[in-house]
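Where a number appears in this text, it was derived from the coordinates with a stated rule and is not lab data. Bear in mind that the values here come from a model prediction, so they are computed numbers and not experimental data. Backbone-built Cβ (ideal geometry, glycine too); neighbour counts: all protein chains shown.
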Amino acid sequence: MMLAVLGLILRASVVVTGAAVLTFVLLWFAPGDPAMAIAQARFATVVSADVVDQVRAEVGLDAGFWSAFKDWIGPLLVGDFGNSSVTGREVWPDMANAIGYTVPLALTGLAIGLAIAVPLAVLAARNQGSVLDRFAVGIASLGVAIPQFWLGLLLILLFAVQLGWLPAMGARSPTHIILPALTLGLGVAASLTRIIRSGLLEARGQGFLPAFRRRGINEAHVSRDHVAPHAAIPVVTVFGLELAFLLEGVVVVEVIFGRPGLGDFLVSAIFARDFPQVQAVVLLTALLFVVINLLIDIFYRVLDPRIGEHDA
Amino acid sequence: MRSVLVLAVCFIALAVFGPMFAPYDPTAINIPNRLSGPSAEFPLGTDALGRDILSRLLYGARWSLGLAFLISLIGLCIGTLVGLAAAQGGKLVDWIVMRTTDTFLAFPELVAAVVIAGLLGAGTGSLVFALSITSWMRYARVARGIGLSLKSRGYVVQAQLAGMSPLAVARWHFVPALVPSLIVVWTGMFARAILGISALGFLGFGVQPPMPEWGTMLLDARIHLRSTPLQMIWPGMAVATCVLAINLCGDALRDSLVERTS
Amino acid sequence: MLSVDRVSVNRGKTLALADISLSIEAGKTLAVVGESGAGKSTLIAAILGLLTPSKGSLTWSGAPVRSCRPALVMQEPRAAFNPALTLRRSVMEPLVARRANVPDDRLSRLCKGLELPTDLLDRKPGEVSIGQAQRVGILRALIDAPPLILFDEPLSALDAVTQKHTAKLIADLQAEEGFASLIVTHDLGYACAYSDDVAVLRRGRIEESGDSSAFVAAPCTDYGRTLRDAAIALGGLEIAA
């Protein structure tokens, strides 16, 4: 088992390395002159060619591919994300600051999503075919089809503009998190409901369960000891997928609600061609992803050692 | 299955023929009538430049649906080729291909697409590239899984013994077995592509004005949220309706596929 | 002539085949018998070129066996056919792959020899009986007139009556077409009744080999004797008086 886990860790490291290389390659070969964009972002005006050249040399864009790569990856391995091309400040503190806005939003959104999805899915699965079940499936299907940014705008329209109950833009006060979190949460709830419900239904359909029930074993015990572990696998898969959903949703939601989080950080960095910042965000999200999926894979092996027989 | 086909035909009809029903040129600027609400003249109102929203919505179908179709098709082709290569190629090829797929999968699709589209410069080309290159992986996994299980089937061995080229084996024996599962994946990806196109349009990457893509229309609408809130309802509803319809189709397809294999 | 010369095959850490040597001349039949796990399938795979031996050579008239395009009749008749294609399409596959043509009447002649109505070929594998499917499998093996045909437990999926019948059809066709055949089976009765020579495979090695009737009369090894006696007891084997 340990060997299998080590294999997974090795695999994950390869993937992370690949991701880092891919990120760097992408940015390096992006068209256009990044030096110009950086200079413009720095000085907020149109700049002369001399200034652009100066910026280019300063930021290291005139170096070759390999030396630039080495200069980037070296410090990265010890956790140094480099300095912003635009402000010259270290990337990490600004990024950490942005994360400080994003993480509470993501977690709150996830919490709202779970609070809605889990009870709804459990009730729906338990009463399969009933009106409640069909309602749940219907509304979840609808929820998954609605673009998050539209939902956000609708919520702003309703709660901020028409009713004036909640603030829309910025992140000044704790109440500013409500609408964005609700937007995220509703989207998460929709997709989680579908998946948890079908996971539970699938587990219930397992052949041995009716036999248990016939022997009079308590329904709750059956659920806990046999349905739950089997349902756990797809549910855990879902968490991995939901993470992606959350990360994507957060970017969009932050832009709509004007929150200074990671999404905003990323988008501004892209416009300004601030490579160190873009690379840092992309790599961080990739790393997070890979680590979480690694943990999930390890968790699967623990739950069901048969998994992994067809792995490369 | 029948409802799926009916729906598909409706979509295609909408994308191809919808614009014929558009009362106005979607890019015709008409400042005196700007930001007017729904009326007899402009059933859904006009936007900030006086363009008829209904017309823009109908033309927008071409962009949102048409591009989504293209993107999901590109992803399908790349992904299937990659997946089959991994299944056919022997252990080393399989490992390399799988690690590459994992590497691409390490980036959340939209985030990666935003970065790529943003760096390549706004525009339809970058949009298609960005969304295609972040979506092929799911097909690859499915194709590889099915390919691996098919490799040991008797008739595949017979075909190889008969001297069939790997390409011919793939075409005759692998692809037909892949089609049902790939179609199911494809419907899901088609829906994602619609959402992705509109999301990127909303963020300002992707399809550029004056092209009436639904996401870009929402971006315009956002600026005038307080003055003409209705403007933002229509494009969003269009996206949601299409995605919902496709998802329902996909679910029906998946159910019929499960029925057939069990 | 098929020549297997001191072939060894490694499967992971174990030696699936160890120092195997055998030969079959055109028109002759060799039966390879043994228990499950003895290495019979590995032997077939090696001869067909589906895996590479770690030692030794496999040749047909001096050239690698693959060059004579040997055919295979599989144990599970339906698995040999793509369920979505018609039988005709599958049968013609070897010819299509080689872009070859055969005389028009070959197909109908072989069908007659295998007692298959020609319209049967337009059906799909799931629409015919197992016995028919296996005969179509034999048809497919024969269509390109290979000099060597391997049979992997060709009768085990069939019922007793069909077994006898199919075995006879194969033998008749062999007399007509003149191919060399290697039959892998655990059924000693079938093996000895329908082969010229027999080889006993045990744990990857050939325990003994030689003329089939000689083997039945007097096996050389204890293991061979055990097999023969068991086969007689089960009633599948009769010693000529």
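Overview of values
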quantity: Choice from C:SER213, C:SER41, C:SER67 with maximal GNM fluctuation in chain C (Cα, 10 Å cutoff); calculated: C:SER67
quantity: FRET efficiency estimate (nearest 0.05) - Cβ-Cβ, B:ARG226 to B:ALA28, R0 22 angstrom; calculated: 0.30
quantity: Taking segment A:34-164 and dividing mean pair separation by its residue count, relative contact order in percent (alpha carbons under 8 Å, at least six apart); calculated: 11
quantity: Nearest-ten-degree value, helix B:91-105 long axis tilted from longest Cα axis of chain B; calculated: 20
quantity: Three-way shape label, segment C:82-143, alpha-carbon gyration tensor, a/c 1.5; calculated: oblate
quantity: Footprinting exposure proxy for A:LEU105, C:LEU121 (fewest neighbouring C-beta atoms within 10 Å first); calculated: C:LEU121, A:LEU105
quantity: Estimated 222 nm signal from helices in the protein assembly as shown, with DSSP H stretches of n ≥ 4 weighted -39500 (n - 2.57), rounded to 500; calculated: -20000 deg cm²/dmol
quantity: Shielding by partners - mean other protein chain Cβ count within 10 Å, residues of A:137-148; calculated: 5
quantity: Whole-Å distance, taken between Cα centres, linking segment A:104-161 and segment B:16-84; calculated: 28
quantity: Shielding score for C:95-103, defined as the mean number of other chain Cβ atoms within 10 Å; calculated: 2
quantity: Length gained when the stretch A:VAL122-A:PHE299 is fully extended (0.36 nm per residue, less Cα-Cα span); calculated: 61.4 nm
quantity: Prolate/oblate/rounded label for segment C:53-206 (Cα gyration tensor, a/c 1.5); calculated: oblate
quantity: Filter on C:LYS40/C:LYS168; C:LYS55/C:LYS168; C:LYS124/C:LYS164; C:LYS28/C:LYS112 - keep pairs with C-alpha separation over 31 Å; calculated: C:LYS55/C:LYS168
quantity: Nitroxide proxy distance, nm - points 7 Å out along Cα→Cβ at C:SER108 and C:GLU35; calculated: 5.2
quantity: Exposure proxy order (Cβ contacts within 10 Å, fewest to most) of A:MET169, B:MET217, C:MET74; calculated: A:MET169, C:MET74, B:MET217
quantity: Inter-label distance, nm, simple model (7 Å from Cα along the C-beta direction), C:LEU234/A:LEU10; calculated: 4.4
quantity: Inter-part distance where segment C:9-76 and segment B:185-215 are each reduced to a Cα centre, Å; calculated: 58
quantity: Longest site-free stretch - chain C; sites: GluC sites (Glu not before Pro), DSSP loop, at most 16 other Cβ within 10 Å; calculated: C:116-237
quantity: Pairwise label distance in nanometres, B:SER39 with A:VAL21, each label 7 Å out on the Cα-Cβ vector; calculated: 6.2
quantity: Residues A:PHE43, A:PHE299, B:PHE202, sorted so that the one with the fewest Cβ neighbours within 10 Å comes first; calculated: A:PHE43, A:PHE299, B:PHE202
quantity: Distance-filtered residues of segment B:228-255 - backbone nitrogen under 11 Å, label point 7 angstrom along A:LEU166 Cα→Cβ; calculated: none
